[in-house]
Amino acid sequence: MIMNHLRRLALAASALAAPALAQDVPLGRLPDTVKPTAYRIDLKVDPEQAEYSGHVEIDAEVTTATRSIFLHGLGLKMARADVVAGGKTLPARYAEVDASGVARLDLDGPLAAGKVTLRFDYSTGFRDGAEGLFRAKVGGQQYAWTQMEPLDARRMFPGFDEPGFKLPFTISLTVPERLKAFANTPEVAAETRAGWTTHRFAPSKPLPTYLVAVGVGDFDVRETSIPANEVRKTPLAFRVIATKGQASRMDTTLTEAPKIVTILENYFGIPYPYEKLDFIASPVMGGAMENAGLIVYQDTLILLDKAAPPSQLRSFGTVVAHEVAHQWFGDLVTPSWWTDIWLNESFAEWMGNKAANRWRPDLGIAAGEVADAFYAMDTDSLGRGRPIRQPITRNDQVISAFDSITYLKGAQTVSMFEKFVGAEAFRKGVQLHLNRYAYRNATAEDFFASVGEASGNAALVPALRSFTDQTGVPLVTVGSQGSGLSLSQSRYLPLGVAADRLARRWQVPVCLARSGSTACHLLADEQMAVPALAGAGPIVPNADGAGYYRFTLDPAGWDALIAGLAALPEREAMVAADSIWADFAAGRLDFARVARAAEALAGHSGRLPALQLAVKLADLANSLLEQGDQAAYRALMGRLFTPRLAALGLDPAVGAQPGETAATTSLRESLVPIVALEARDADVRARLKAAASQYLAGNSGALAANFRRTALSVFVQDGGMAAADQLYAALKASDDPLFRSQAATALGRVEGDASVAHVQRLAMQDGLLSLERTTVLGNLAANRASRDATTAFVSANFTRVVESFPGFARTGIIGFFSGYCSPDAVTRVEALIRPNLATLGGGDLELAQTRERIGQCAALKAARGADISAALNGAKGGAQHH
């Protein structure tokens, strides 16, 4: 999945509900008294109706005689429940006994050990956000899709909603005859009667409940086949499915996704493991989900116009590769419990970047992998955190496992240890693991054993565990020692984050680079001496940016590195920039050096190195920078980046730069928002505003997709409420998923109290899809000038706003408020979120981390505010600290 659900179930009594027994409700793993063995699910679904109905049969083995069975169900209106055992039908009473979706079946007498079938007839409502069976109205028609991970299959059918129960599913969907229906497996029969068609699908390979998927609606469908290859000896059926009118935007996916599938098959040495492959697009998904054979994607990820910007192509490549990689790692082999879900996501994130980069190396995906690791390090540097591999014992802990630590720290850790053991040895370990546990469940210990066995490297497992089983980012200090170098390790801590009492020691694969030569060492002790590195030029203590650690140098070392930044390879320039900023955030480096580094990097040939510190400076301006320093900040950004954009040229029209490389187009696309929105360059803003005006007036060629988000942002910032109304009307009328997403972002960048309040009201109207609503409000919250107003608005409309989030991302609302930078803001955020944690389905960790981020910013402001102001305004003050 590429990234908790609302718990507001009313446990009202009904004729079928039993009085609560004196029995502990399992809020984590279900008891092992009943083990399911197969599901048969028959749903009657019309997305135009408020509810749908279901008949479910679950074959199971009762291991110990019992009068009650715990399972899962959430918001299901049960009409009948019974148990068939020994040829007899035993009535049962169904009750939902915990708001997390734990349910119980009670029988009048004991149920003997042996084979049984649980049967249910029920109805329930569609969800608006992406959880369970959800729907959205597009072009005047309702469509339905599913999103089950992590704990939302229980919203669609009663069952044993845990990853360890991996079973075959046989599904049928009865839908209005004008609609199409899809499931994980190929359709094997269809029968129409009285205006309804029943679509029957083949039994699935063993699946956990979270990978079950269906889709119902008047979809556009285009299909092809992926040719046989050396690994897969027969063609593979492949379809792209989307709402009506989107067929013309499927060309890229139909042409390019098969290439990614083949890259992954070649890596795994195992054919794609299911009977068919369908991609289905949803405008309210908010990411993607790796359902076996029926992967659900946010519209913008797989519906691309012919002139798709590089940023959209990068998202297409990385997300498609991530989700298809899951078909092996996660679907073919599934974790036994949520504690090891990190292995699914870490591996898919790493493999997705690797496969996507092989698909299109010109898009800069390899450098993007390093940037993602920095984001994880920022989270991992907080005092309150979680290890990659976190024991999970309760339902309300599960959603916190789907975060940057699992995805991004995990991916960089996998990448680091692939280099440690060697790419081919690591690949053999992966193949051994997948073949050994195909169509079954496995644990992280099983994976460690497979990779250790195949690589023949006994040091791998304890070294890997030192990163997966403890929190924190290693800080490697590099100094001189005699004729060589000294390496020492500690935990990286920024200002405002207190050290805890936990002793940490990593086994860090430290690779030093200098003038193209590399030397690697396993830093397992607190300190070690290593030989000096031959060659001239600065030392980069993280060769190729492959390591998950930060480094620090003495002042002379930093000065030498800063002087050589522009000539470093792309990924090494990026890790140098990250560690420079990290040393500043820890209070060891003055801001003048940061500004010098930003200036040195601004001319780097790589897009991401050039912008690495610009992004940090923008965050600074949007949080702790005093109002009086904003003009100096804008002047700095202008000096650094306006000449670079001018050298590339800017014509916002479609097709204005024919034949240029993807790298050049990507750089221009990234520079435009820096110059227009951060530097506030008047000329660039005027050109973008004029192009946006012409575009909204009907001249579609006036504004290329690369620049639409920024141009539309300028348009509403300068045009106020009237411009916002014009853009809102265009958004509602458009069927272009990318434009709608860009327009929603732009609406969230409006400025001025009256305009902000106006856009907040627009966001809650029915013209926006749920995901677009959260996009608007999230951007308003991210803007310093509209943050307070958005906090108040969200507080007043909390339930409606939360219901717009995809179910798996509910706790994301807490991140709306992480940009604050004063101690009093901690109290305000706590007062808003703490009473609503049960509604979010979790979020205690996310709230603690948001509080810490605010405190960290406040501490940096107190310690370095004067230094920052002096450097921005050209003063000579600001002592150099190390």
Reach of residue 77 by Cα under 14 Å, taken over aspartates and glutamates that are not fewer than 8 positions away in the same chain: 51, 96, 121
Rough spin-label spacing in nm, given labels placed 7 Å along Cα→Cβ, for residue 619 and residue 112: 6.5
Least to most buried among 839, 790 (fewest other Cβ within 10 Å first): 839, 790
Whichever aspartates and glutamates have a C-alpha closer than 16 Å to that of residue 419, once near sequence neighbours (fewer than 8 apart) are set aside: 369, 544, 572
FRET efficiency estimate (nearest 0.05) - Cβ-Cβ, residue 599 to residue 764, R0 30 angstrom: 0.10
Positive-end residue, the chain charge dipole about Cα centroid, Cβ charges, pick of 780, 648, 185: 780
Whole-Å distance, taken between Cα centres, linking segment 835-856 and segment 513-536: 41
Reach of residue 689 by Cα under 29 Å, taken over lysines that are not fewer than 8 positions away in the same chain: 306, 616, 732
Amide hydrogen neighbours beyond the local backbone of residue 90, cut-off 5 Å, H modeled: 83, 84, 85
Inter-part distance where segment 271-313 and segment 373-437 are each reduced to a Cα centre, Å: 23
Per-pair calculated FRET efficiency, R0 = 41 Å: residue 59 and residue 648 via Cβ, rounded to 0.05: 0.05
Euclidean distance of C-alpha centroids, segment 619-649 and segment 31-97, integer Å: 60
Around residue 95: net Lys/Arg minus Asp/Glu count, Cβ-Cβ under 9 Å: 0
Over the chain - Rg/Rh using Cα atoms and the Kirkwood inverse-distance radius: 0.96
Rounded FRET efficiency, nearest 0.05, which uses the C-beta distance separating residue 630 from residue 822 and R0 of 22 Å: 0.80
Neighbour-count order for 322, 72, fewest beta carbons within 10 angstrom listed first: 72, 322
Nearest-20 debye value, the chain charge dipole, Cβ charges on Lys, Arg, Asp, Glu: 160
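Return 41, 674 ranked ascending by Cβ neighbour count within 10 Å, so the fewest neighbours appear first.
The most exposed by this proxy come first: 41, 674.
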Charge context of residue 757, other residues only, Cβ under 14 angstrom, K/R +1, D/E -1: -2
Selected from 31, 413, 870, residue furthest toward positive end of dipole (the chain; charges at beta carbon): 870
Which listed pairs, of 409/861; 35/428; 259/354; 35/276, have C-alpha distances above 22 Å, in listed order: 409/861; 35/428; 35/276
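Laboratory data are not the source of any read-out in this text; all were calculated from the coordinates shown. Given the structure is predicted, the values throughout are model-derived calculations rather than measurements. Reconstructed Cβ throughout: ideal geometry from the backbone, glycine too, with neighbour counts over all protein chains shown.
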